[in-house]
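Engineer: First, the structure itself, so that you have it in front of you.
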Amino acid sequence: MKKISFTISIVLIVLLTGCTQNSDNTAKNFTMNFLRNYIRGTGYAILQLDDSVTYQEINGDETIVFENINTSRGTVIVIQDYFRYWNGEHRIDINVNIDVPLREWYLKGYNYPDGSVGEIDVTLDFTGNPEDYEGMLISPSNYGIIFANFIISDFQGDIYHLDEDEDISFFSSIYNPDTDIAFCDWIIGESFVQNEVNEFYLELDKPMLAKTISVNRPITSSKIHAFRNGMLDSNLMHFNSFYDNPVTEFTGFYNDDFPHNMFSIYVNNYNGTEFYRFDNISDEIPSILDIPMSSISAVFDVDNNKFTEILVDGSVDQISASWTQSDSEKFVSLNVYSITNVEEILLPEIPSEILEQLDIDLSLFTLNDISIVDYDTANNSDDIINLEFQQQTPLISLYNQKYNYTRFIDAETLHRERNNRYRDEENRPTLEKW
């Protein structure tokens, strides 16, 4: 049985990559360093080569070594099995990198803890009539956003992220885009006593700068982050939401005096069937954002559970396809990352003993989306592997611009095609299965 399984794996790899792995005569080791809580919980690393499939368990931050490798390329699968810290949801994430260079890898997480590290009680003080302002933003260390668009004077809640040195930093603002007036205050590197309630005071009296930012494509939201500490830590400075009325121009608020290495401005658009996102890293907030027009399309072959007739339009470094499976006990995501000149992407082979251990049935996965990514400092999929896994510095410090585009499978089409597969009432799946 293992021989049959292995043969299918290699066929899949060839179909996905359109090329074979390069080999040499010198045996070497492939080392994977898991850092900063990249593996939340437990997991597996699987290495598929021309003549073998081997795997190792991973338990948090550690280094694992695949020894005596006689090839410079292979397919690497990393599986994470964990519980989300904020809601306790059981998740399993499976990431498959097809035909990639096997130089030493550094898989860096975001240092997320397993749960709350303590609580905060923040008093916010500002002068003026609250009705004159649109809302308030509170951003502790390394949060996307914790609170926005409401006027309050006091906030209590759990904290899940700290600075890299386990201190805490805050940025808070109150603003009125109609008048382009905003005020802010911050705390940098305050001590945080874990597992206790920590009290902080912010007086919102520092003026913020307002800048009109034009975008060449409609967007539904924007964020401005200030990155600190060698790009390891960040605070959100401003957040805009335009979901009801996408825009091509908006006002961004920020403060140059806030200690930072770089600003990151992020914009995106989601319309139900497609999503694009653009990140710009710079020492100044730009007045114009030029979002690429690159896109991808594919035929969602529900019958065979694969993506076919893949067509890329524009500049692209890498494509990926994703499947999902969920039930009342867990949510499983599976992502396959590939070079760009492929015609189809299939589900990968995974050792049966791992699937049994995780209680996963590959036949129950459903197509979800297909995506592209393009970095300004990369030219192909190998360059992305170098940026993401073969550098020890934070990924965000290795590029200036990053563009993502995702095409989602249409829900109505998906259900219609599934029903066509089960015209015979005896073979129609139950609601529980789907």
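The values are calculated or read from the model by the stated rules, or taken from the named source; none is laboratory data. It should be emphasised that the depicted structure is a prediction, and the values quoted were computed from it without experimental measurement. Ideal geometry is used to build each Cβ from the backbone, glycine not excepted, and the neighbour counts take in all protein chains shown. The protein model used for the area step is the full one, side chains on, heavy atoms only, and it has no ligands, DNA or RNA in it. Shrake-Rupley method; radii C 1.70, N 1.55, O 1.52, S 1.80 Å.
Engineer: Only residues in the range 358-369 that are touching a residue at least 40 places away in the same chain (Cβ under 8 Å) count as the first member; pair them with residues that are charged (D, E, K, R) and loosely packed, with under 15 Cβ neighbours inside 10 Å, Cβ under 8 angstrom, at least 6 apart or cross-chain, and list the lot.
Structural biologist: Leu364/Lys433
Engineer: Oh, and also: Is there a residue in the range 174-191 that is outside any strand (DSSP E or B), under 23 Å from Asn261 (Cα atoms), open to solvent by 20 Å² or more (accessible area, probe 1.4 Å) and at pLDDT 95 or above? Quick ask: steps written out before the conclusion?
Structural biologist: Filtering the range 174-191 down to residues outside any strand (DSSP E or B) leaves 177-180, 191.
Next, from what is left, pick out any that are under 23 Å from Asn261 (Cα atoms): 191.
Retained after the next criterion (residues that are open to solvent by 20 Å² or more (accessible area, probe 1.4 Å)): 191.
Within this subset, residues satisfying the condition of being at pLDDT 95 or above are 191.
Scanning the range 174-191, I find at least one residue that is outside any strand (DSSP E or B), under 23 Å from Asn261 (Cα atoms), open to solvent by 20 Å² or more (accessible area, probe 1.4 Å) and at pLDDT 95 or above, so the answer is yes.
Engineer: Condition (residue is farther than 26 Å from Val336 by Cα and among the polar types (S, T, N, Q)) applied to the range 48-61: is it met by at least one residue?
Structural biologist: Checked the range 48-61: no residue is farther than 26 Å from Val336 by Cα and among the polar types (S, T, N, Q).
Engineer: If a residue has to be part of a strand (DSSP E or B), among the polar types (S, T, N, Q) and under 24 Å from Ile409 (Cβ atoms) to count, how many in the range 261-290 make the cut? I'd like the intermediate steps shown before the answer.
Structural biologist: Going residue by residue through the range 261-290, those that are part of a strand (DSSP E or B) are 262-270, 274-282, 288-289.
Subsequent filtering for residues that are among the polar types (S, T, N, Q) retains 264, 268-269, 280, 282.
With under 24 Å from Ile409 (Cβ atoms) added as a condition, the list becomes 268-269.
The number of residues fulfilling the criteria is 2.
Engineer: Answer yes or no as to whether Asp301 is open to solvent by 40 Å² or more (accessible area, probe 1.4 Å) and among the charged types (D, E, K, R).
Structural biologist: No: the conditions fail for Asp301.
Engineer: Any residue at all in the range 315-334 that is part of a strand (DSSP E or B), closer than 30 Å to Glu349 by Cβ and either touching an Asp or Glu at 6+ places or on another chain (Cβ under 6 Å) or of a type in the set (Lys, Arg) (or both)? Step through it out loud before you land on a result.
Structural biologist: So in the range 315-334, the residues part of a strand (DSSP E or B) come out as 318-326, 331-334.
Applying the additional criterion that residues be closer than 30 Å to Glu349 by Cβ yields 318-326, 331-334.
Pick out the ones that are also either touching an Asp or Glu at 6+ places or on another chain (Cβ under 6 Å) or of a type in the set (Lys, Arg) (or both) and you get 322, 333.
Yes, some residue in the range 315-334 is part of a strand (DSSP E or B), closer than 30 Å to Glu349 by Cβ and either touching an Asp or Glu at 6+ places or on another chain (Cβ under 6 Å) or of a type in the set (Lys, Arg) (or both).
Engineer: A further question on this structure: Which one is surrounded by the fewest Cβ atoms within 10 Å (Cβ to Cβ) among residues in the range 50-72 that are out of contact with any helix residue (DSSP H, G or I) (no Cβ under 9 Å at 6 or more places or on another chain) and of a type in the set (D, E, K, R)? Talk me through it step by step, then tell me what you get.
Structural biologist: Residues of the range 50-72 out of contact with any helix residue (DSSP H, G or I) (no Cβ under 9 Å at 6 or more places or on another chain): 54, 56-72.
Those left that are additionally of a type in the set (D, E, K, R): 57, 61-62, 67.
Values: Glu57: 13, Asp61: 15, Glu62: 13, Glu67: 10.
Per the criteria, the residue is Glu67.
Engineer: State all residues of the range 343-382 that are of a type in the set (D, E, K, R) and under 13 Å from Ile319 (Cα atoms); if no residue qualifies, say none.
Structural biologist: First pass over the range 343-382, keeping only residues of a type in the set (D, E, K, R): 343-344, 349, 353, 356, 359, 361, 369, 374, 376, 382.
Once the filter is applied, which keeps residues that are of a type in the set (D, E, K, R) and under 13 Å from Ile319 (Cα atoms), the range 343-382 yields Glu343, Glu344, Asp369, Asp374, Asp382.
Residue-by-condition table, conditions (1) over 30 Å from Ser363 (Cα atoms); (2) open to solvent by 10 Å² or more (accessible area, probe 1.4 Å); (3) of a type in the set (Val, Ile, Thr); (4) at pLDDT below 95:
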site: Asn271; (1), (2), (3), (4): no, yes, no, yes
site: Phe275; (1), (2), (3), (4): no, yes, no, no
site: Asn280; (1), (2), (3), (4): yes, yes, no, no
site: Ile285; (1), (2), (3), (4): yes, no, yes, no
site: Pro292; (1), (2), (3), (4): yes, yes, no, no
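Engineer: Further question on the same structure: Of the residues that make up the range 240-261, is at least one open to solvent by less than 20 Å² (accessible area, probe 1.4 Å), of a type in the set (S, T, N, Q) and out of contact with any Cys (no Cβ under 7 Å at 6 or more places or on another chain)?
Structural biologist: yes
Engineer: Against the condition open to solvent by 10 Å² or more (accessible area, probe 1.4 Å) and either in a strand (DSSP E or B) or touching a His at 6+ places or on another chain (Cβ under 7 Å) (or both), how does Phe200 come out, does it pass?
Structural biologist: yes
Engineer: Can I ask one more? How many residues does the range 86-108 contain that are under 13 Å from Ile39 (Cα atoms) and open to solvent by 10 Å² or more (accessible area, probe 1.4 Å)?
Structural biologist: Qualifying residue count, the range 86-108: 5.
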